[in-house]
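Colleague: The following block contains the structure, expressed as structure tokens.
The values are calculated or read from the model by the stated rules, or taken from the named source; none is laboratory data. Please read these numbers as outputs of a predicted model, since none were measured by experiment. All Cβ positions, glycine included, derive from the backbone under ideal geometry; neighbour counts span all protein chains shown. Accessible surface is based on the protein model in full, side chains and every heavy atom, while ligands, DNA and RNA are left aside. Shrake-Rupley method; radii C 1.70, N 1.55, O 1.52, S 1.80 Å.
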Amino acid sequence: MTQALRHLVSIDDFSVEEIRALFEKADHFAEHPRAHADLCPGMISASLFYEPSTRTRLSFESAMLRLGGGVLTAAEMKQSSASKGESLADTVRVVGGAYSDVIVLRHPSEGAARLAAQYSPVPVINAGDGAHEHPTQTLCDLYNLHVERGHIEGLDVVLAGDLKYSRTVHSFAYALARFGANIVCVPQAGFEMPDYVLRRLREEFGVEPIRADARRLGNLASDSDAVYLTPQKPHQLSLFTDARGWEVEHVDALYMTRPQTERHAGADTLKAEYPRLGKRSMAVESLRDAVVMHPLPRRDEIDSEIDSDPRSIYFKQAARGVPIRMAILGMLLGRSDLGVEPAPPGAEGIAVRVGGNPCPNPACISRTETRHVTPAFTLAGRVPLRAHCAYCSRELTFDWVGCSTSRHYHAPSAGDLRRVRPEHLVFFPDREAAEAAGFEPVARSRDGVSSGSPRA
Ligand code: NCD
């Protein structure tokens with residue numbers, strides 16, 4: 001049976017059942033790492049890295065070699081034909097043809113892996129796209145929680161540091177919410193979780209941010225406006241939240257990140273002390289049995305004095321990157337059957353049209369790549385109607401939404417639009433753009449209800 005080509009662009013591309021099945025495979029690979037060279041002989045993975053990497057690239061290459069395959073490495077893509085102006089689309093069409101069976105891509109532009117997947121004849125694995133996502137690190141992080149804690153649902157996980165630009169944090173937060181874990185955000189001031197991530201957590205998983213009282217986290221949170229994110233229902237929460245907000249009493253895992261200075265571009269990093277973990281901060285009661293995780297590399301945010309603390313698992317965490325990536329490669333190359341239903345297609349969302357404006361995110365691949373990329377947008381929510389960039393997930397602001405069959409445009413919250421099929425929706429930044437595209441305002445009655453009804 002031929003298998004449909006699958007990519008790993010976002011953590012959404014794998015279902016919870018698939019992720020659990022990957023954990024089982026990874027357990028098996030971790031137990032006997034040298035006994036699986038019969039799984040992918042004759043297959044080649046290509047590492048295309050446009051940004052530095054140690055762990056992600058080497059653990060993928062180690063994983064492929066342990067599965068009996070070969071690797072092609074372009075760790076310095078800036079010295080490749082990219083420096084001669086070759087587009088990403090052309091590069092993946094070439095590398096994914098005769099040269100390799102799977103592409104592992106790291107790129108500074110957000111949405112680069114989604115673009116690569118549109119053109120590649122072989123599976124594309126996102127090994128980090130700018131500040132956007134890093135799904136294989138998330139699978140590694142979830143696998144670590146699974147091994148260390150035996151379950152993920154209901155865990156209280158602190159995410160600390162640069163939550164704005166850490167792509168590992170964004171993918172991890174989506175996955176934690178999907179698995180039913182609670183998140184305590186302890187950002188450096190000015191580097192809070194981005195709105196587009198919070199909005200998605202709210203809309204897809206019903207996660208409402210609650211102000212958190214993090215005094216029990218000691219000096220780790222002394223400078224931070226902590227926020228608690230929980231997929232629990234509001235009626236459950238009302239049982240145990242008080243006016244000061246959620247009190248952080250007990251932490252199961254503490255996930256520290258480094259400042260992503262390469263993406264700060266002039267942002268004021270000196271506003272507050274960066275959260276830092278050392279013997280003193282680890283002595284607080286709430287962290288008594290918290291495992292300490294970090295995607296690495298670390299700078300000064302974790303003091304080496306706690307490296308020998310049994311709660312510090314960051315080196316084990318990095319080692320587990322090999323078995324989980326063996327499981328990912330085996331699956332995407334069609335060499336190991338997970339025995340569960342694949343995630344339904346459509347993680348990329350429902351396409352909608354946008355009249356007029358490009359994605360506002362200057363780091364989006366639809367802005368940084370000038371050739372072979374067509375701006376694309378997907379529905380972000382229906383009430384009111386909203387759309388976001390299909391590449392970098394950034395939400396766009398629209399004042400008007402048209403229906404391509406009635407040729408009328410309406411306010412995004414207009415009731416008339418509820419019945420319009422997504423393929424007939426056209427989002428406009430302003431009235432001028434709508435009218436330039438040949439759309440007309442709908443006539444309004446005195447009570448403000450639209451009289452012209454669009455045909456869906
Ligand atoms: C992370 C990354 O590249 O986003 N590193 C990794 O893949 N393990 C984290 C980081 O660089 O801070």
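Colleague: When ligands, DNA and RNA are left out and all protein chains stay put, how many square angstrom of accessible area per residue does segment 136-315 have with a 1.4 Å probe?
Modeller: 42 Å²
Colleague: Next question. Averaged per residue, what accessible surface does segment 350-441 expose to a 1.4 Å probe, in Å²?
Modeller: About 46 Å² of surface per residue is accessible.
Colleague: OK, next. Which of the three applies to segment 79-128, rounded, prolate or oblate, going by the alpha-carbon gyration tensor with a ≥ b ≥ c and a/c under 1.5 meaning rounded?
Modeller: Cα axes put segment 79-128 in the oblate bin.
Colleague: Another question, then. Counting other Cβ atoms within 10 Å, which trypsin sites (Lys or Arg not before Pro) in segment 20-70 have at most 12 and lie in a DSSP loop?
Modeller: Those that pass, being in a loop and sparsely packed, are ARG34.
Colleague: Further question: May I ask you to derive the relative contact order of the chain, considering only C-alpha pairs under 8 Å and at least 6 residues apart, and to give it as an integer percent?
Modeller: 15 percent
Colleague: With labels modelled as points extended 7 Å from the Cα through the Cβ direction, what inter-label distance (nm, one decimal) is found for GLU423 paired with SER62?
Modeller: For GLU423 paired with SER62, the spin-label model returns 4.8 nm.
Colleague: Under 5 Å between amide H atoms, partner at least 5 residues away or on a different chain: which partners does VAL354 have, H built in plane at 1.01 Å?
Modeller: PHE427
Colleague: Out of residues 5 or more away from ILE125 or on other chains, whose amide H comes under 5 Å of its own, with H placed 1.01 Å from N in the peptide plane?
Modeller: Those qualifying (amide H under 5 Å, at least 5 residues apart or on another chain) are LEU8, ILE103, VAL104, LEU105.
Colleague: Further question on the same structure: Pop out the carbon and sulfur fraction of the accessible area of segment 1-79 as a percent, whole number, probe 1.4 Å.
Modeller: Ligands and nucleic acids excluded, carbon and sulfur give 54 percent.
Colleague: Quantify, in whole percent, the carbon and sulfur part of the accessible surface of segment 136-224 (1.4 Å probe; protein heavy atoms only).
Modeller: 42 percent
Colleague: Assuming 0.36 nm per residue, please report the length gained on full extension of the stretch ALA283 to VAL340 beyond their Cα-Cα distance.
Modeller: That pair, ALA283 and VAL340, stretches by 16.2 nm at full extension.
Colleague: With n ≥ 4 as the cut-off for DSSP H runs, can you work out [θ] at 222 nm for the chain, using -39500 (n - 2.57) per run divided by the number of residues, rounded to the nearest 500?
Modeller: It comes out at -7000 deg cm²/dmol, rounded to the nearest 500.
Colleague: For the chain, what class follows from the C-alpha gyration tensor (a ≥ b ≥ c being the square roots of its eigenvalues): rounded when a/c is under 1.5, otherwise prolate if a/b is larger than b/c, else oblate?
Modeller: Oblate shape, in that a/c is at least 1.5 and b/c is the bigger or equal ratio.
Colleague: Further question on the same structure: Helix by helix, which DSSP H runs in the chain go 18 Å or more along their axis at the Cα atoms and have an average Kyte-Doolittle hydropathy of -0.5 or more?
Modeller: Result, helices passing both filters: 16-31.
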